[in-house]
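Trainee: Below is one structure. I have some questions about it.
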Amino acid sequence: MKKVLTGRPIHSMLPRVKNATTRSTAALSRRRDPEATRLAILDAAEDLFVTQGVDATPTSQVARRAGVTKSLIHHHFGSKEELWNEVKRRRFSVYYDLQKRMLEASPGSLELLRDSIVAYFRFLQADPNAVRFMGWRFVDGDDPCLEQEEELYELGIQRIREAQEAGLLRSDVEPISVLKAFLGLVFHWFQSKGLLCRMMGSAIDPQALEERYLEDVLRIFFEGLLPR
């Protein structure tokens, strides 16, 4: 009598084979496209670095997440430190480009300053990783984004000073203090969002609380800065 082979039906194995084939095809595609490989590595590194920390994330974990070899990471970025620097450059450039276009488009006005504050708030609101990313930047001693950040500071200070000279804002407050105040007020919400939501009223929808906080910041900020 012939021995009957038993096991899982062949059709039950097809999804697993298909998924493996899809992953292999994607990995092969990345190997053939250097830019796709680079972007896959950056995406994986950003997610892992901002959630776990750079020191706690080995390059091998980034490679597994990106579906590439460690050698490809070293080929494209040289070291984990330079990979982190490139992650910071890419992420910060989104905010930098947005604010720079806005601040260069018109002279200082209340509307421009309000739009700048709201843009920073929406940037952090749109992606929790953006908040973590900015937090990691603050503790880094050597930040490749400092030059761009300094440029935004100078533009912001210039626009605030223009608004003061036009009589739109009180002139007895240093422009740099105005700028740091708005950055701090916005970032603190996202840094301590859970605690602030509980303090402001847990029965209210968190999204509604977030919008109320933004409105309060704008009201306090601009009413406190109006000429006296």
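The values are calculated or read from the model by the stated rules, or taken from the named source; none is laboratory data. Note that the coordinates shown come from a computational prediction; the quantities given were computed from them, not determined experimentally. Cβ placement follows ideal geometry from the backbone for every residue including glycine, while neighbour counts extend to all protein chains displayed.
Trainee: Report, ordered by the first and then the second residue, all pairs with beta carbons closer than 7 Å, sequence separation of six or more or different chains, a first member in the range 38-49 that is within 12 Å of GLU86 (Cβ to Cβ), and a second member that is among the polar types (S, T, N, Q) and buried (at least 19 other Cβ atoms within 10 Å of the Cβ).
Mentor: PHE49/THR57
Trainee: If you don't mind, another one. Looking at the range 76-96, which of its residues are closer than 19 Å to THR57 by Cα, polar (S, T, N, Q) and in contact (Cβ under 8 Å) with a residue 40 or more places away in the chain?
Mentor: Within the range 76-96, just ASN85 meets the criteria.
Trainee: Next question. Quick test of your reading of the structure: ALA126 fulfils all but one of (1) in the same structural domain as GLU147 (by TED's automatic domain parsing); (2) touching a helix residue (DSSP H, G or I) at 6+ places or on another chain (Cβ under 6 Å); (3) free of Cβ contacts under 8 Å to residues at least 12 places away in the same chain. Name the failing condition by number.
Mentor: Among (1) in the same structural domain as GLU147 (by TED's automatic domain parsing); (2) touching a helix residue (DSSP H, G or I) at 6+ places or on another chain (Cβ under 6 Å); (3) free of Cβ contacts under 8 Å to residues at least 12 places away in the same chain, the lone unmet condition for ALA126 is (2).
Trainee: If I ask for residues that are over 20 Å from ILE117 (Cα atoms), in contact with a Leu (Cβ under 9 Å, 6 or more places away or on another chain) and exposed (fewer than 15 other Cβ atoms within 10 Å of the Cβ), which ones from the range 157-201 would you list?
Mentor: Scanning the range 157-201 gives a single hit, GLY201.
Trainee: Give me the residue from the range 207-228 that is over 26 Å from the mean Cα position of the chain (by Cα) and in contact (Cβ under 8 Å) with a residue 60 or more places away in the chain and, out of that set, surrounded by the most Cβ atoms within 10 Å (Cβ to Cβ).
Mentor: PHE222
Trainee: Those residues that are crowded, with 16+ Cβ neighbours inside 10 Å and on the phi > 0 side of the Ramachandran plot, I need them from the range 65-119; list them, please.
Mentor: GLY67, the sole residue that qualifies.
Trainee: To continue, here is another question. Looking at the range 36-109, what helices (runs of 4 or more DSSP H) fall wholly within it and have at least 2 residues that are in contact with a Phe, Trp or Tyr (Cβ under 7 Å, 6 or more places away or on another chain) and more than 22 Å from ARG137 (Cα to Cα)?
Mentor: In the range 36-109, there are no helices (runs of 4 or more DSSP H) which contain 2 or more residues that are in contact with a Phe, Trp or Tyr (Cβ under 7 Å, 6 or more places away or on another chain) and more than 22 Å from ARG137 (Cα to Cα).
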